[in-house]
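Below is one structure, written out as structure tokens; the observations come after it.
The values are calculated or read from the model by the stated rules, or taken from the named source; none is laboratory data. Everything numeric in this text was worked out from a predicted model, so none of it was measured. Virtual Cβ from ideal backbone geometry, glycine too; neighbours counted across all protein chains shown. Note: accessible area is taken over every heavy atom of the protein model, side chains too, but ligands, DNA and RNA are not part of it. Shrake-Rupley method; radii C 1.70, N 1.55, O 1.52, S 1.80 Å.
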Amino acid sequence: TAEIIRSLRNFSRLDESDMKPIDLNEGLDSTIVLVRSNIPSNITVIKDFGNLPKVECQPGKINQVFMNLISNAIQAIKSKETQAEEEFLTIKSWYIDQQVKISIKDSGIGMSDEVKHRIFEPFFTTKDIGEGTGLGLSIVFSIIENHKGNIEVISKLNEGTEFIITLNTNL
């Protein structure tokens, strides 16, 4: 219970619109704790967090990015027709060339090139009617853009998807 409360406190900085230096690994950890109940038992979460400097950003907004990407990754794995005995959600962070990089990678259904080119469009969704609004990745894209960062998507149909976020440490 204490861990969930601590994670909620950390995550729920959504009202904070000021830029401030934060520990992105802490934000990733809090998000994982909050989605844990949605993670089926056949999904193994692999955390590979590097030693990161604090990054100047809007904490609530960045946590929202993590929540959307991790939730989508879990959904992509759950959507597979044939579930492997062990599926993977790998969350990695590292620091290189004055940049922090965060990778959220799943062993889910993956995307065709056609879908991949449209995922950041507002209201575009691959989910069933009533399942999603098609706004999650559009919001993710604009938050990362507002932080002068960038987001890359690598995906192969039936193999999974990886989102790589890059944020500069010297804003």
Quiz item: Out of (1) more than 22 Å from residue 143 (Cα to Cα); (2) in contact with a helix residue (DSSP H, G or I) (Cβ under 9 Å, 6 or more places away or on another chain); (3) modelled with pLDDT of 70 or more, the odd one out for residue 6 is which?
Solution: (3)
Quiz item: Among the residues of segment 19-39, which ones are open to solvent by 40 Å² or more (accessible area, probe 1.4 Å) and closer than 18 Å to residue 89 by Cβ?
Solution: 29, 34, 36, 37, 38
Practice problem: Determine if segment 42-57 includes at least one residue that is within 24 Å of residue 136 (Cα to Cα) and free of Cβ contacts under 8 Å to residues at least 12 places away in the same chain. | Solution: no
Exercise. Specify which of the listed residues (59, 53, 40) is within 21 Å of residue 104 (Cα to Cα) and at pLDDT below 90.
Key: 59
Practice problem: Please give the number of the condition residue 34 fails out of (1) in a loop (DSSP other than H, G, I, E, B); (2) in contact with a Phe, Trp or Tyr (Cβ under 9 Å, 6 or more places away or on another chain); (3) farther than 20 Å from residue 151 by Cβ. | Solution: (1)
